[in-house]
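Engineer: Below you will find the structure I want to go over with you.
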Amino acid sequence: MKKHIMHIALATSLILGLWSTQALAYKVIDVSNGGKITGVISFNGTPPANPTLKMTKDVDYCGATISADYYVVNNGKLQNVVVSIENIDAGKPYDKKAIIPFDNKKCMFSPHVTTAVVGQRLGVNNTDPILHNTHLYHGPKKKTMYNIALPLKDRVIKKRMRKPGIVTVQCDAHEWMLGYVYVSKNPYATVTAADGTFTIDGIPPGTYKVKIWHEKLGEVVKEVTVTAGGTTTLDHTFSQ
Amino acid sequence: MKIRKHVQRISRTALTFILATGMSGTVITTALAAEGGMGADAIPLPIELSPFKQRIPENAANVEAGRALYERSCIWCHGVNGEGKGPVAYFLSRDTAPHPRDFTSGIYKFRSTLSGEMPTDEDLFRTITRGIPGFMPGFRGYSTEDRWRLVYYIKSLSPDFKDAEPELIKVVGTPIPPTAASVQRGYQVYQKFKCWECHGGGGAGNGKKAGTLKDDWGFRLPPRDLRRPSSFKNGNAPADLYRTIMAGLDGGAMPSYSDFFEGSEQEVWDLINYINSLAAE
């Protein structure tokens, strides 16, 4: 059943992905009296246990086991959930030259989930003294975007995110490593913090479709109306 | 300006040449001469022998002719729809990589382009011509024109080729003589860039990360045993190795090292000399 939901989620994101390539490119406009969406993403009940990942190599450095970070729940609040406004073609400015940090740290990806705007670059670093390779796959069909070697410590490799959608990040050298980059068409995407909260600001007044996505729990789309200078609350509770 | 463009065109031709053929610096110089880039006294290469000079137009008729050739020779492994699921595919490899290429996926190992980019037409032509040791036969038996027709048909199987303008890997320098000093430098590069973590200290493909490597389709894919150059799927000439190291093998675990060699590309030629020094066959 869960797999079924995942398939639907994947199919939806594929359709959204296809649709997006035909949509107009994002246009920066003056948003002087923008509104805000803020909220908390929660998990109802006991979250599924994160599997214990057994290190098959570099045990001396990585340790024997690491707990997976698929479900990060603190007092019922869910971290690492992507919240993004899907249908804004024009809005606030953003730093096109920003480098989105993405680290190979202690044999895991840090952060586990992040967002980037199409055209921005991911700054992949390796703070471990061992060989990592960062293998990015685009979309539900997991087409290789880049597979880069990171043999040396602390040398940031910048790679442009050219297409919108979910990017899955893996390391062939350490098969347990897993991360995600949500590449959005506009700068209105974020990831929930440790307390499950998020804020998206500078939104031109209007009614929008907001996507809430979690790697294991799938996605929901909610309609939200933003008023000039106002704050709209958007909470969501996932359950198993 | 016009001259600059001309020079750019020539260097691009030379680049394509070195990447595609794996030829040495001398040959490239000759190829350059034949392109009109050198003095009149340079020895001209019978350039009409170069398959890239016998290129035919990429049009519907040639794609269609390519299909007929494909259906005669390629369909057995690569399948009716190009998905790599032909009737013979199963016998080639069941649980281990590589399976016959899925031409609809748009993912190619053997490229002279950066990781994530589509291959060039010349890359496809080279693979069709040479084949892949141990897996795919070479099709030199087909005329140059027919091999181009196959290239065009294969390209028609993936929408990713449409409007693709792949970025080439940067080629700096040419193969250097495998002196003891160069091999020694190459050994240092092998250590520093941690090639040994997958390929092993002695190049036997038994590094500490070797055991779990898989390709994009989840099939087991052990790192190459560098002591067996004849088994290198992407070729074993220095220019072939340069391509493999810098472009990586997309779809497999071998990553691209082009970012890390940026500015020190000369070291790649040393590394290649070291890899060749491991040969035991």
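Engineer: Along segment A:45-57, what does the Karplus equation 6.51 cos²θ - 1.76 cosθ + 1.60 (θ = phi - 60°) give for ³J(HN,Hα), rounded to whole Hz, x for Gly and Pro?
Structural biologist: x, 8, x, x, 5, 6, x, 8, 8, 8, 6, 9, 7
Engineer: Within segment B:79-115, name every residue whose backbone N is under 12 Å away from a label modeled 7 Å from Cα of residue B:220 along the Cβ vector.
Structural biologist: Of the residues in segment B:79-115, B:94-97 have backbone N under 12 Å from the label point off residue B:220.
Engineer: If each of residue A:75 and residue A:223 carries a label point 7 Å out from its Cα toward its Cβ, how far apart are those two points in nm?
Structural biologist: Each label point is offset 7 Å from its Cα along the Cβ direction, giving 3.4 nm.
Engineer: Within 10 Å of each Cβ of B:255-263, how many other protein chain Cβ atoms are there on average?
Structural biologist: 5
Engineer: Hey, another quick one. Give me, ordered by chain and number, the residues 5 or more places off residue A:117 or on other chains with an amide H under 5 Å from its own placed amide H.
Structural biologist: Amide H neighbours of residue A:117: A:184.
Engineer: Pairwise over distinct Cα atoms, reciprocal of the mean inverse distance: report the Kirkwood radius of the protein assembly as shown in Å, one decimal place.
Structural biologist: 25.2
Engineer: Let me ask something additional. Under 4 °C and 1.567 mPa s, how fast does chain A diffuse according to Stokes-Einstein, given a Kirkwood radius computed over C-alpha pairs? Answer in µm²/s, whole number.
Structural biologist: Reported coefficient: 69 µm²/s.
Engineer: Through the Karplus equation 6.51 cos²θ - 1.76 cosθ + 1.60, θ set to phi - 60°, convert the phi angles of segment B:136-149 into ³J(HN,Hα) values in whole Hz; use x for Gly and Pro.
Structural biologist: 10, x, x, 10, 4, x, 7, 4, 3, 4, 5, 5, 5, 4
Engineer: With r as the distance between the Cβ atoms of residue A:50 and residue A:87 and R0 = 25 Å, compute the FRET efficiency 1/(1 + (r/R0)^6) and round to 0.05.
Structural biologist: Numbers: r = 34 Å, r/R0 = 1.35.
Approximately 0.15, to the nearest 0.05.
Engineer: Between residue B:91 and residue A:207, how high is the FRET efficiency from 1/(1 + (r/R0)^6) when r is the Cβ-Cβ distance and R₀ = 60 Å? Nearest 0.05.
Structural biologist: For R0 = 60 Å, the calculated efficiency reads 0.55.
Engineer: Taking a Cβ-Cβ separation under 4.7 Å as the criterion for a possible partner, which cysteines of chain A have none?
Structural biologist: A:171 - these cysteines have no disulfide-compatible partner (Cβ-Cβ under 4.7 Å) in chain A.
Engineer: Normalised by the residues of chain A, what does the relative contact order come to in percent, with Cα pairs under 8 Å and at least six apart? Walk me through the intermediate numbers first.
Structural biologist: Values: 585 pairs, mean separation 72.7, N = 240.
Reported as a whole number, the value is 30 percent.
Engineer: Averaged over its residues, how many other protein chain Cβ atoms are within 10 Å of peptide B:108-121's Cβ atoms?
Structural biologist: Average neighbour count from other chains, rounded to a whole number: 2.
Engineer: Using 26 Å as the Cα-Cα cut-off, could you pick out the over-long pairs in A:159/A:185; A:27/A:97; A:36/A:158; A:143/B:85?
Structural biologist: Listed pairs above 26 Å: A:36/A:158.
Engineer: Among B:93, B:107, B:150, which residue has its Cα furthest toward the positive end of the charge dipole of segment B:60-161, with +1 on Lys/Arg Cβ and -1 on Asp/Glu Cβ?
Structural biologist: Of the options given, the answer is B:93.
Engineer: Suppose R0 equals 60 Å; then what is the FRET efficiency for residue B:181 and residue A:231 from their Cβ-Cβ distance, rounded to the nearest 0.05?
Structural biologist: It comes out at approximately 0.30.
Engineer: Can you compute the equivalent ellipsoid semi-axes for segment A:102-149, i.e. the square root of 5 times each eigenvalue of the Cα gyration tensor, sorted largest first and rounded to whole Å?
Structural biologist: Largest first, segment A:102-149 gives 19, 13, 10 Å.
Engineer: How much length would be gained if the chain were fully extended between residue B:61 and residue B:281, taking 0.36 nm per residue of separation minus their Cα-Cα distance, in nm to one decimal?
Structural biologist: Values: separation 220, 0.36 × 220 = 79.20 nm, distance 4.51 nm.
Using 0.36 nm per residue and subtracting the Cα-Cα distance, I get 74.7 nm.
Engineer: Which order, highest average first, do B:80-90, A:214-224 follow once you tally other Cβ atoms within 10 Å for each residue and take the mean per peptide?
Structural biologist: For the peptides B:80-90, A:214-224, the packing ranking is A:214-224, B:80-90.
Engineer: Largest first, please: the extent of the C-alpha atoms of segment B:180-277 along each principal axis, to the nearest Å.
Structural biologist: If we take the Cα atoms of segment B:180-277, the spans are 39, 24, 24 Å.
Engineer: Taking the Cα centre of chain A as origin, work out the dipole magnitude from +1 charges on Lys and Arg Cβ and -1 charges on Asp and Glu Cβ, in debye rounded to 20.
Structural biologist: So the magnitude is around 660 debye.
Engineer: For peptide A:137-147, how many partner chain Cβ atoms fall within 10 Å of a residue's Cβ, on average?
Structural biologist: Values: counts 3, 1, 0, 0, 4, 4, 8, 12, 4, 9, 13.
Across A:137-147, the average partner-chain Cβ count within 10 Å equals 5.
Engineer: Could you run the Karplus curve 6.51 cos²θ - 1.76 cosθ + 1.60 with θ = phi - 60° over segment A:63-71 and give me ³J(HN,Hα) per residue in whole Hz, x for Gly and Pro?
Structural biologist: x, 6, 9, 9, 7, 5, 10, 6, 10
Engineer: Listed highest first by mean packing, meaning other Cβ atoms within 10 Å per residue, what order do B:189-195, A:157-163, B:256-262 come in?
Structural biologist: B:256-262, B:189-195, A:157-163
Engineer: To two decimal places, what compactness ratio does segment B:60-161 give when its Cα radius of gyration is scaled by 2.2 N^0.38 Å?
Structural biologist: Here the answer is 1.00, to two decimals.
Only the coordinates and a few stated rules stand behind these numbers; no lab work does. What you see is a predicted model; the values in this text were computed from it and never measured. Cβ coordinates were reconstructed from backbone atoms using ideal geometry, including for glycine residues, and neighbour counts include every protein chain displayed.
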